[in-house]
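Report on the following structure.
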Amino acid sequence: MNLYLAAQDPTLADFGKDPWWLVLIKIVFAFVFGLLATLLGVWFERRVVGYMQVRPGPNQVGPFGLLQTLADGLKMAFKEDILPRTADKVVYFFAPTISVICAVTALSVVPFGPKVSIFGHWTPLQVTDVSVAVLVLLACSSMGIYGIVLGGWASGSTYPLLGGLRSSAQMISYEVAMGLSIVAVFMTAGTMSTSGIVAQQAHGTHLNLFGADVQAPGWYAILLLPSFIIFFIATVGETNRAPFDLPEAESELVAGFMTEYSSLKFALFMLSEYVSMVTMSAVTTTLFLGGWRAPAPITTFWAGANSGWWPMLWFFGKVLILVFVFVWLRGTLPRLRYDQFMRFGWKVLLPINLIWILVLAGLRSIEDWQTEDRIVATSIGAGVLLLATLFWPSRKKEPKPSLQEQVNSRPHGSFPLPPMDLQVPPSPRTRRVVAEREPANVGSDSREV
């Protein structure tokens, strides 16, 4: 492999021309990256959470405990595999594999770097790319829900079924918010191709504010900050990570949809969760953090930072930072209640996303107007939004009736109520027994023993 090559952005025309063995190498690389990143991610999470809780974490198997995750996986794979008597054997077996396959497949359209030369063939560091690659990512994320739903249903038990239902409701709810947050990226980049979105973030965006040309940042995480925040919150809910790990709320549903799973099948469900975490970190890096391109401070003094194989280092570094944020959230935030979680997704994230898309579409539509017209249109829009926020009708809570009013409103013939002052009169029998009790005769010469 040639290790020194100039940076070159891939286009859609560069895909579909590789020999079969090169395509196979790319597929194996994406698969191995997902598995290794998962193994290291579990170790990384246990070490970081241990540091936050002032304890060492895994440190016995291998250097720095790096082989602890591998040892746990092997031990789990060789445990006894228990099959419930009422389970659907075929669906019960394929449900974990569906979750893993969907999580790994999403890495096929994620760009790891620019065009490089591998054994004399110029090829992008990406398995494939299409004009609607981001929709492929959303499709893989949506298909992963089937593995959880089928796993809960095929177990033939009540608790897994309830866990699968609430998990599917959670993932579908946050899938809507995640999909809407990507609309802003489409509108700004003008393409749904992942390699094209990375290329659009290569240079800063020119904005004309009040007649002056302003050089805006190229990363959509800064340029489209509301979409980035909503997208990352939605990915945390989509991957069932804390504080949104409601499907695995042991205090409520034993272990959620995977209650009846054991041995290798349980390991596959756990693997799919961590693969999804790494995959969504890679997708977030591609859509909002410039993909494989180096940050601005590095490119200012190193012209070859985006050349050759160096971009893979920047890409993996960004993914690692996002994985750390996932772990950080788990170590600091408590789990939300289910009603709070669903209300946050539908009544907070969704309206904010719709309003932000409307504002962005309005700003994009007046880009070609004169400066004075843009100022007037922006001022009118901001005023309308401010007035709508101030005078939006709020639902006032009805005053809670007093205790006496609640008692008076009870229908005739209701059950008797206990004393409202919580003072229970003494029993007549108790008074009679106390009165009949003989007084104790204590002599003057009595002494304590």
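Sorted largest first by accessible area at a 1.4 angstrom probe radius, with every protein chain in place, the residues 398, 405, 238 fall in the order 398, 405, 238. Relative to the Cα centre, the charge distribution of the chain, modelled as +1 at Lys and Arg Cβ and -1 at Asp and Glu Cβ, gives a dipole magnitude of about 740 debye. Could you tell me how many degrees, from 0 to 90 and to the nearest 10, lie between the Cα long axis of helix 20-52 and the main elongation axis, the longest principal axis, of the Cα atoms of the chain? Result, in degrees: 40.
With every protein chain in place and a 1.4 angstrom probe, the accessible-area ranking of 277, 76, largest first, reads 76, 277. Rolling a 1.4 Å probe over the protein heavy atoms leaves residue 222 with an accessible area of roughly 100 Å².
Note that the chain carries a Kirkwood radius of 26.3 Å, evaluated over its alpha carbons pair by pair. Please give the FRET efficiency for residue 321 paired with residue 299, using the beta carbon to beta carbon distance and R0 = 25 Å, rounded to the nearest 0.05. The computed FRET efficiency comes out at 0.90.
What segment 74-144 shows is 49 Å² of accessible area per residue, with the surface traced by a 1.4 Å probe over protein heavy atoms. Sorting 347, 318 by accessible area puts them as 347, 318; the probe is 1.4 Å, largest comes first, and only protein heavy atoms count. Once all protein chains are placed together, residue 280 keeps about 20 Å² accessible to a 1.4 angstrom probe.
Rolling a 1.4 angstrom probe over the protein heavy atoms with all chains in place gives segment 256-325 an accessible area of 34 Å² per residue.
Whole-percent P(r), segment 1-115, all Cα pairs, 5 Å bins from 0: 2, 8, 11, 15, 14, 13, 13, 11, 7, 3, 1, 0, 0. Packing, as the average of other Cβ atoms within 10 Å across residues, places the peptides 32-41, 379-388, 265-274 in the order 265-274, 32-41, 379-388, highest first.
Excluding ligands, DNA and RNA, the accessible surface per residue across segment 328-381 is 70 Å² with a 1.4 Å probe.
Entry note, the chain: the mean residue ellipticity at 222 nm calculated from DSSP H runs of n ≥ 4, each adding -39500 (n - 2.57), is -18500 deg cm²/dmol after division by the residues and rounding to the nearest 500. Across segment 269-342, Cα pairs under 8 Å and at least six residues apart give a relative contact order of 32 percent.
Does a label point 7 Å from the Cα of residue 165, set along Cα-to-beta-carbon, have any residues of segment 65-101 with amide nitrogen under 19 Å, and which are they? Flagged as within label range: 87-88.
Here, segment 77-205 yields an orientationally averaged convex hull projection of 11.5 nm² when only Cα atoms define the hull. Computed in the context of the full set of protein chains, the accessible area of the chain at 1.4 Å probe radius has 67% of its extent on carbon or sulfur. For the set 75/265; 26/265; 347/396, the pairs lying more than 19 angstrom apart at their alpha carbons are 26/265.
In this structure, residue 410 and residue 31 have a Cβ-Cβ separation that, at R0 = 56 Å, corresponds to a calculated FRET efficiency of about 0.25.
The values are calculated or read from the model by the stated rules, or taken from the named source; none is laboratory data. Please read all numbers here as calculations on a predicted model, not as lab measurements. No Cβ is skipped: glycine too gets one built from the backbone with ideal geometry, and neighbour counts run over all protein chains shown. All accessible areas refer to the heavy atoms of the entire protein, side chains included, with ligands and DNA or RNA removed. Shrake-Rupley method; radii C 1.70, N 1.55, O 1.52, S 1.80 Å.
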